[in-house]
Amino acid sequence: MTDQKDQTSRGGQPPLLELVDVSKQFGGVHALQGVSFELRPGEIHGLVGENGAGKSTMMKIIAGVHTDFEGVMKIRGREVRLRSARDALANAIGMVHQELSAIPDLSVAENVFLGSQPTNKLGKVDWAQMNSKARELLKGLGLEINPKRSMGSLPVGIQQLVELSRVLFSGAQVIILDEPTSALSPPEVARLFEVLRKLRDEGRSIIFISHFLDDVLAISDRITVFRNGRKVITEDTVNLDKDAVIAHMIGRGSKDMHMGEDAVLKGDDSKPVVLAVSGVSDGKFLHNFDIELRAGEITGVYGFMGSGQIELARALFGKLKLRKGTVLLDGKPVKFGSTAAARRAGIAFVPENRRMMLFRSEPVFKNVSIAILDRIHRLLLRPKAERGITEAHIKDLSIRPPRPGIALGSLSGGNQQKVALAKWLTHLPRVLILSEPTRGMDVGAKEDVIRIVKSLREKGVAVLVLSTEPETVLTLADRVTVIKKGMAVKEFSTGRIEKSDLLGAA
């Protein structure tokens, strides 16, 4: 194994980048604990771990975003302390983020040279030189693109390579790629891998962060696994397979095992189908996706970040237009052209970002009653009725503090989530869509939300839970669909299922 600290890398050269016993805290939470890591010259190094394992924190230290940490960082054997992203670039470290920073209305060339456009003697942008250099850079990545073309007109995979060319133009020798394949089609992934291997052979070093283990295994020379803020192992990829990586990620058999590691699914095909989704596509994030939601059942959709869960939720609630496929509600075809149409049909949605649907400066009772004002008011507002409904929900849902007039923003995240659920509980929806329903909550709040969601199942609601957290899905769901790059790749409906089954399918 190569988990031991190597003093030199291949060819006797010192590591290009090295972290020694690095720790980072946020408040009292240890995001990283005693992590040592090395990146060799001319290697592709895969970095994997569950959400919250510490990958992003380490990358932000390397990229100069987090400057306050314990331990040592070295570049080519020289100790450094990077103070900003600009400082990282000055030390030949560049990062391509999962959320692309491209400006769609600008040309390809303008995006490549963003902030560093070549100028002529008069100090004006030298368009001819910029376009010529951009064309040359892109050609080096195997791209024959008109540099005058608008960035937004390109497929996501090509936009990503254009962003990569910008990092290369900066002179980066260490390139960090965060979830680079999450939105790419198989041909685009193959093109990206061809470029990465070319860069590696030129001597550049790449840190490849991804939840998609098949991609990590296909492109990496070595893989490092993180779990709970610690580095578990670094190993040559040839010595690993997918099952071994998953075992290291979840700590199979270790003391790190916790609730939500497995479940017994009890999908019941005799229950009536409320919402049937068949072959839906939006042309970008969803591809021929199928799922059925049944009355009195919780259906989980699990996938890594960027797999299409958010887009599926938005499409079913009328916020994203579908180009193909059919949606049947109680057996009848429906098309929700707006969120209002979805609500009228009995669809409710609690998004992953509570700020999208709640008014933090308004009192709790107004946030609860906003979805039912047309039912409790005719011509005049009836604050007493709003408060009465809210007080009942506060009691049933254990919202704390139990004060309907308090500003919502003063509540904890868990209690805000309860308020978000309360919006839809006065008049039960036919279908309730929950995106990341327990993210960022303490244990007590999670237990309350789980209890609330399960109670809705008993009342006959068809509940759809979408999450990147396997524990959440396993704790709640009666059946589970795994989504991968916009496609339903596996369904589990009965019998025992383990966390490793979900990770393996995703």
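The values are calculated or read from the model by the stated rules, or taken from the named source; none is laboratory data. Quick caveat: nothing in here was measured; it's all calculated off a predicted structure. Cβ coordinates were reconstructed from backbone atoms using ideal geometry, including for glycine residues, and neighbour counts include every protein chain displayed.
Points to keep in mind about this one:
- Segment 125-140, residues that are loosely packed, with under 12 Cβ neighbours inside 10 Å and modelled with pLDDT of 90 or more: Ala128
- Across segment 402-428, the number of residues qualifying as surrounded by fewer than 18 Cβ atoms within 10 Å (Cβ to Cβ), free of Cβ contacts under 8 Å to residues at least 40 places away in the same chain, out of contact with any strand residue (DSSP E or B) (no Cβ under 9 Å at 6 or more places or on another chain) and over 17 Å from Ser361 (Cβ atoms) comes to 1.
This table checks each residue for (1) touching a helix residue (DSSP H, G or I) at 6+ places or on another chain (Cβ under 8 Å); (2) modelled with pLDDT under 85; (3) within 25 Å of Ala31 (Cβ to Cβ).
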{"position": "Leu168", "(1), (2), (3)": "yes, yes, no"}
{"position": "Lys198", "(1), (2), (3)": "no, no, no"}
{"position": "Gly203", "(1), (2), (3)": "no, no, no"}
{"position": "Thr234", "(1), (2), (3)": "no, no, yes"}
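- Pair list, Cβ under 6 Å, 6 or more apart: segment 38-67 residue in a strand (DSSP E or B), other residue buried (at least 22 other Cβ atoms within 10 Å of the Cβ) and of a type in the set (S, T, N, Q): Leu39/Ser205; Ile44/Ser220; Gly46/Ser220; Leu47/Thr224
- Selection within segment 162-220 - among the aromatic types (Phe, Trp, Tyr) and in contact with a His (Cβ under 8 Å, 6 or more places away or on another chain): Phe208
- Within segment 199-225, the only residue that satisfies the criterion of being under 25 Å from Gly308 (Cα atoms), of a type in the set (Asp, Glu) and out of contact with any strand residue (DSSP E or B) (no Cβ under 9 Å at 6 or more places or on another chain) is Asp214.
For (1) within 30 Å of the chain's Cα centre (by Cα); (2) under 26 Å from Gly283 (Cα atoms); (3) in the same structural domain as Gly303 (by TED's automatic domain parsing); (4) in a helix (DSSP H, G or I), each residue gets a yes or a no:
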{"residue": "Asn111", "(1), (2), (3), (4)": "yes, yes, no, yes"}
{"residue": "Ala128", "(1), (2), (3), (4)": "no, no, no, yes"}
{"residue": "Lys139", "(1), (2), (3), (4)": "no, no, no, yes"}
{"residue": "Pro147", "(1), (2), (3), (4)": "no, yes, no, no"}
{"residue": "Gly157", "(1), (2), (3), (4)": "yes, yes, no, yes"}
{"residue": "Pro180", "(1), (2), (3), (4)": "yes, yes, no, no"}
{"residue": "Pro187", "(1), (2), (3), (4)": "yes, yes, no, yes"}
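- Hits in segment 346-368 (condition: in a loop (DSSP other than H, G, I, E, B) and over 29 Å from the mean Cα position of the chain (by Cα)): Glu362
Yes/no per residue for (1) modelled with pLDDT of 90 or more; (2) surrounded by 21 or more Cβ atoms within 10 Å (Cβ to Cβ):
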{"site": "Lys24", "(1), (2)": "yes, yes"}
{"site": "Met59", "(1), (2)": "yes, no"}
{"site": "Met73", "(1), (2)": "yes, no"}
{"site": "Arg76", "(1), (2)": "yes, no"}
{"site": "Ser101", "(1), (2)": "no, no"}
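- Selected residue (only one of Glu194, Glu235 is assigned to a helix (DSSP H, G or I) and either buried (at least 20 other Cβ atoms within 10 Å of the Cβ) or more than 24 Å from the chain's Cα centre (by Cα) (or both)): Glu194
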